[in-house]
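Read through the structure below, which is laid out as structure tokens, and then see the notes.
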Amino acid sequence: MTGFKKRSFFSQKICRFCADKVERILFYDVKTLKPLISERGKIVPSRISGNCSKHQRQLTTAIKRARNIALLPFSVEH
Ligand SMILES: [Zn+2]
């Protein structure tokens, strides 16, 4: 590690799910979930994604569920 930090995550401050008036994040909505998972298979933190805590929690649940039924990878194998 070189201590390099990305500082470009302030572009989006509004929760995208609130903006879209999403009441419930669906675990099988891979198209929605995919961009919120890092390339290493981790959930993107809300301070980066801009999601509010309510939707971030839903998102976490949805992603875990999606992993369980193998819609999304647990992590990327090298
Ligand atoms: Zn929200």
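General observations
- Element breakdown for the range 23-68 at a 1.4 angstrom probe: carbon and sulfur atoms account for 49% of the accessible area.
- Counting only the Cα atoms, the range 23-68 fills a convex hull of 66 Å³ per residue.
- Solvent-accessible area per residue, Å², over the range 23-68 with all protein chains present [probe radius 1.4 Å]: 66 Å²
- Placed amide H near GLY41: partners under 5 Å, 5+ positions off or other chain: VAL76
- Within the straight-line cut-off of under 16 Å between alpha carbons, the lysines reachable from LYS13 are LYS21, LYS54, sequence neighbours fewer than 8 places apart in one chain being disregarded.
The values are calculated or read from the model by the stated rules, or taken from the named source; none is laboratory data. Source: prediction; values computed, not measured. All accessible areas refer to the heavy atoms of the entire protein, side chains included, with ligands and DNA or RNA removed. Shrake-Rupley method; radii C 1.70, N 1.55, O 1.52, S 1.80 Å.
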